[in-house]
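These notes concern the structure reproduced below.
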Amino acid sequence: MADIQQRPDSPTAHGPADIAGLLAGRISTARVPKPAAVPGPAPALPAPGRPETAVSPGAVPKLAGLPGQLPVGWDVIEALQAEVSAELSAHDPSRLLEEDDRRAQARSMVTKAVARWASKYAHGNTALSAAEEHAVGAAVFDAMFRGGRLQGLLDEEGVEDVMVDGLRAHIEYYDRPRRTIDRVADSHEELITWVNRMAGLSGHGERALTQATPNVGFRMPDGSRVTASLLTTRPSVVIRKHRIRQHGIDELVQWGSLNPLLRAFLLACVQAKLNILVVGDMGAGKTSLLRALGREIPPGERIATLESDRELYLDEPGPEGKPGPLTFAFEARQSNGEVRGGSASGEVTIGDMFPTALRYNVHRVIVGEVRSTEVLPMLQAMSAGGSGSMCTLHVRRPHAIVSRLVQLCTEAGMQTEAANHLIASAIDVVVYLTYLDETAIGGRKHRFVSHIYEVHDVVGEGGRPTTSELFAPHGIEPRAVYRNMPSFIDLLERTGSFDRRWLTQNPDGAWGPPLKVVQPR
């Protein structure tokens, strides 16, 4: 590998695997010599067989059918939505009601309006059933406060992305092949109106999709990320749904992204305040892992999150209301479309937010994703004392990690030699996630940690930072298996939550059953 230089003196572990017993503190003295001082007990593992927590769309009733499957045309939904919106505005013209009270009032008005409409509709048509009337009411409410005509797709179990190309939608699932819906809007104008309405509901009304601003991005009320454009052949919209927004690191173990050994190792890295870079290809689960690690930062600390689009939500309570650190969540702002003095008016980038975030005297800085020149202030913050900082980076292959970092640094105006020295002094641990999509051949999507590297504070041959491969695939196992002892093992044990014997007694990586990979026919 061009970027990964192994230290010749790094030991490789050998021995039987018994990670479950080791992590529970049940270490056999016949097999492992007892050291002079044994660290405190490791954190408890999640109970085996614990069911996954269902991702609920909230208290809003789920649409009975998908777009085009309602008992009436969407024009009826739009008319009822306009009627209830006018009634709600008349009831609360100054918007003095709290948002929850406003929605409760709207729900009551929707129920009454649909009942009146259904009564008139039944005079010349087959009367709607209670379920159909309920579906109409849910659709009206969704048009006012949620995803409107697309909400039925977003509420489907297992949905990860909804991609709209003109009038047609393609739905990506995490556990089954893509599905196509032929018609989710009656016209391109209706789709554009939907985008601008959702932008308004999300508090980004200034981000209107027009010929002057042909690209917009914002969050929907449920947190889903929307990107829309008029620069494609037809108006297009991509909605990325956060299925696991409130889940933590234990769920990543249940889903197979981590095993108990990696969980304990990464948690100890967070507690030891090592600077962590999470990398991988698109859709590999980088943000999910970064969010899970961020939720493990001690509640007594202060952190700042910098994101182009809000995805981490570390300023909100974690799973089961678990409190986190004091978090200042910064979000970049798009331009309003005007250009003044050669720059986009109103635009605030992640790089622009760094100086302000550092003045908050935070212990750690977490960047949702480093895409461009913001890599420079991120690495400088890590190198200058931002111990325990973290960020993600899009990299297609493990061997290209250092090259990608150097490329971004040079694009930011830094010389290659200086970039290599900055990378070596800033980053401690690199975690690479692999993404295997087998839905097209009858399998599912696999996301798992396949490599973990240590970056040393020295520059080796070729002027590159020296790295060690701590975990990597081995044999037929594509997931991360222990390879070499980290030089910072003393720091991990000092946290009281890690024991180096867990590594040397577990050469097979504690993954359990082999990964079920579908073989092409």
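The values are calculated or read from the model by the stated rules, or taken from the named source; none is laboratory data. Being a predicted model, the structure only gives us computed values, none of them experimental. With ideal geometry, Cβ positions are generated from the backbone for all residues, glycine too; neighbour counts draw on all protein chains shown. The protein model used for the area step is the full one, side chains on, heavy atoms only, and it has no ligands, DNA or RNA in it. Shrake-Rupley method; radii C 1.70, N 1.55, O 1.52, S 1.80 Å.
Quick notes
- Phi-based couplings in Hz for the stretch 75-87 (Karplus 6.51, -1.76, 1.60; Gly and Pro marked x): 4, 5, 4, 4, 5, 5, 4, 5, 5, 5, 4, 5, 5
- Difference of contour (0.36 nm per residue) and Cα-Cα distance, ASP457 to ASN361: 32.0 nm
- Annotation: amide H of GLU160 within the under-5 Å range of GLU172, TYR173, TYR174, sequence separation 5 or more or interchain, hydrogens built in the peptide plane.
- Amide H contacts under 5 Å for SER372, placed H, 5+ residues apart: none
- Computed with a 1.4 Å probe over protein heavy atoms only, the accessible surface of the stretch 377-427 comes to 39 Å² per residue.
- Surface composition of the stretch 91-149: carbon and sulfur atoms hold 51% of the protein heavy-atom accessible area at a 1.4 Å probe.
- Among ALA169, GLY124, SER89 - extreme Cα towards positive end, dipole of the stretch 74-169, charges at beta-carbon: GLY124
- Peptide packing for 84-91, 432-439 was compared via the average number of neighbouring C-beta atoms within 10 Å per residue; ordered from the highest value, the list is 432-439, 84-91.
- Near the amide H of ARG302, within less than 5 Å, lie the amide hydrogens of HIS363, ARG364, all on another chain or at least 5 residues away, with H placed in the peptide plane.
- Listed residues HIS456, HIS123 arranged by accessible area, highest first, probe 1.4 Å: HIS123, HIS456
- Of the listed residues ARG404, ARG183, the order by accessible area with a 1.4 Å probe, largest first, is ARG183, ARG404.
- Accessible area of the stretch 367-521 belonging to carbon and sulfur atoms, whole % at 1.4 Å probe: 50 percent
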